[in-house]
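Taking it in order: structure first as structure tokens, then the write-up.
The values are calculated or read from the model by the stated rules, or taken from the named source; none is laboratory data. Treat the numbers as computed from the prediction; the structure is a model and nothing was measured. Don't worry about glycine lacking a Cβ; one is built from the backbone with ideal geometry, like all the others, and counts go over all protein chains shown.
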Amino acid sequence: MQHSTLARKSPFAYLAVHGAFLSRQGVMTNRVLNLARQLSIVVRYRFFAARSDPRSMYEFVNVLTRFHYKRKRSALPESDVSELLPSASLASAMTLFSPPPEFFSIDIDELQVLCKFMQALAPQRVFEFGTFDGFTTLHLAAHAPTGCEVLTIDRLAGSYNFSPLRRFPHAINVGGRFHGHPLAGRIRQLTGDTRTFDFAPWAGTCDLVFLDADHGEEGTQIDTGNAMMLLKPGGVLLWHDCFAEGVAKFLAGFSATHPVVRIRSTTLAMHRKA
């Protein structure tokens, strides 16, 4: 196909193809070329369907938003996951269950990072805030050592209908992805508001806490306080969506007195308890 025809059909595809030539000439960096290629894929598979489908439009905007924030520079110090974990754990295989995650769930690349933490830490107890459909919970259990207990909490139970908040039908079964699964025996599902829930029975017993629930500043502060209580010394706290306004505002203050790093090319932030 001639470049002029390609440009009319998809400007992003044209940029990706023409960018390869420019890159060889030393004009474009690999980062810009990769950006062009990924935008081409997004436009090809999301944009045209989204014009007449509200759900696809929502997914399209969600994909672009996450894509932007993963590549945005953070106010927090940044580290590659390879700098945070032993090399042996990075080489370990990852189990990925089908079907793919809901578009409100964690992205696959971030899920992979989370699973690498599970393999490296070999935790005996993990606590997840924000069960949602249980996709992340199931993968935490799958990458945990024998005998590890995975606790997960959500303020909702059973089926939850998001449709009133959207312009399309959207419902989930809270924890449904691990219900009836062979790994369900490793998981303990809890229901309650993390602002008021009594976490005292598990105080000081967790090796890893993953926060992906309330993204408001006050809610993140309360969840972080509970997480710090749950962690053993040396335990790891991970926040998802660290660019969300409320989470980012909280972390700006918290990081002034506690070491926090953003894991590069993700929306994950990490703190290791002293």
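Here is a list of conditions, (1) in a helix (DSSP H, G or I); (2) among the acidic types (D, E); (3) touching an Asp or Glu at 6+ places or on another chain (Cβ under 8 Å), and E128 meets all of them except one; can you say which number that is?
For E128, the exception is condition (1).
Quick one: in the stretch 134-186, which of the residues that are among the aromatic types (F, W, Y) and in contact with a helix residue (DSSP H, G or I) (Cβ under 6 Å, 6 or more places away or on another chain) is surrounded by the fewest Cβ atoms within 10 Å (Cβ to Cβ)?
F168
Pull up the stretch 63-95, narrow it to residues that are in contact (Cβ under 8 Å) with a residue 40 or more places away in the chain and among the polar types (S, T, N, Q), then point me to the one that is surrounded by the most Cβ atoms within 10 Å (Cβ to Cβ).
Only one residue fits best here, namely S74.
Yes/no per residue for (1) in contact (Cβ under 8 Å) with a residue 60 or more places away in the chain; (2) assigned to a strand (DSSP E or B); (3) among the aliphatic types (A, V, I, L, M); (4) in contact with a helix residue (DSSP H, G or I) (Cβ under 9 Å, 6 or more places away or on another chain):
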| residue | (1), (2), (3), (4) |
| --- | --- |
| D198 | no, no, no, no |
| G204 | no, no, no, yes |
| A227 | yes, no, yes, no |
| F243 | yes, no, no, yes |
| T266 | yes, no, no, yes |
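Please verify whether the stretch 233-242 includes one or more residues that are hydrophobic (A, V, I, L, M, F, W, C), modelled with pLDDT of 95 or more and under 14 Å from P77 (Cα atoms).
Within the stretch 233-242, one or more residues are hydrophobic (A, V, I, L, M, F, W, C), modelled with pLDDT of 95 or more and under 14 Å from P77 (Cα atoms).
Tell me yes or no: at least one residue of the stretch 148-157 is of a type in the set (D, E) and part of a strand (DSSP E or B).
Looking through the stretch 148-157, at least one residue is of a type in the set (D, E) and part of a strand (DSSP E or B).
Return the only residue of T194, T205, T224 being surrounded by fewer than 22 Cβ atoms within 10 Å (Cβ to Cβ) and under 21 Å from D133 (Cα atoms).
Every option except T194 fails the conditions.
Taking the stretch 215-234, which residues are of a type in the set (D, E) and farther than 16 Å from M270 by Cα?
E217, E218
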